[in-house]
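As structure tokens, the structure follows; a few thoughts come after it.
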């Protein structure tokens, strides 16, 4: 997709085997279990409607058990098909192919949202965070994970002259195409500027070292990581950081929608609700249409 002020470039995982090659076959059990621990500590006990941004193949979706319904959003349709194969079709899970920068949801719809291993692909992170705040209810909970440029490995490499970029500078760094590391101070500032109040920070994946993962039992590493993560409000030196924040200020809180079609607004003109038909959704104001096929809404 070409870049523009309105449509920043998107990292598209279409037709990717990321779930299998990276998570299931890539020796990432430690990282997965460490992230599960962080989510258990940060997630609200209960909720009505959760928005999972960058849901991918649904690796984390079942961890949102306290929420009555979950909307899985990803730009890749094939990733959502994998999530659907994992989770099945039911009223509890709603699959939406869409751009985080232009989300097709009514303002104030969700009381919870997560963005795990997704912000590091955002060339316009502040725009993405503003969109998250728009669709959250006042007091809604947002759990963000980001790749931390100020981690111990990056600091050591910089001090030894093996790395050009400075991990202490607040600007973010693009270490590969559409792959970014962020500074903790910048993340907190962006959250506050977007209408969030930071409540808690957890540092995660402290022991993300291949030889260490081979030598030390995974359960022991996860336990050690769980203890180390409790220092997250004091310092952030791990490669991954989880932040729980709360939406502050005024804003609409949508009444419980009677149908899924009432979740959405028109991306072309902003009209809501959309009209539900056999093949998808249509805007009654401007005529723009979006496909609904095999259980997946497509707003790309």
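The values are calculated or read from the model by the stated rules, or taken from the named source; none is laboratory data. Note that the structure is predicted; figures quoted are calculated from it, not measured. Every residue, glycine as well, gets a Cβ built from its backbone with ideal geometry; the counts of neighbours run over all protein chains shown.
Among the residues of the range 153-165, write down those that are assigned to a loop (DSSP other than H, G, I, E, B) and in contact (Cβ under 8 Å) with a residue 12 or more places away in the chain. Result: 165, single match.
Look through 214, 300 and report the one residue that is within 24 Å of the chain's Cα centre (by Cα) and within 30 Å of residue 83 (Cα to Cα). Exactly one residue qualifies, and that residue is 300. Read through the list (1) farther than 23 Å from residue 225 by Cβ; (2) outside any helix (DSSP H, G or I), then give the number of the only condition that residue 80 fails. Condition not satisfied by residue 80: (2).
Applying the condition of being assigned to a loop (DSSP other than H, G, I, E, B) and modelled with pLDDT of 95 or more to the range 17-44 and asking which residue is nearest to residue 137 (Cα to Cα) yields 44. Residues in the range 204-234 that are touching a strand residue (DSSP E or B) at 6+ places or on another chain (Cβ under 6 Å) and surrounded by 14 or more Cβ atoms within 10 Å (Cβ to Cβ): 204, 205, 229, 232. Taking first residues from the range 166-194 that are assigned by TED's automatic domain parsing to the domain that holds residue 145 and free of Cβ contacts under 8 Å to residues at least 24 places away in the same chain and partners that are exposed (fewer than 14 other Cβ atoms within 10 Å of the Cβ) and not in a strand (DSSP E or B), the Cβ contacts under 7 Å between residues at least 6 apart in sequence or on separate chains come to 170/185. Does residue 107 fit the bill of being in the same structural domain as residue 36 (by TED's automatic domain parsing) and surrounded by 16 or more Cβ atoms within 10 Å (Cβ to Cβ)? Criteria met by residue 107.
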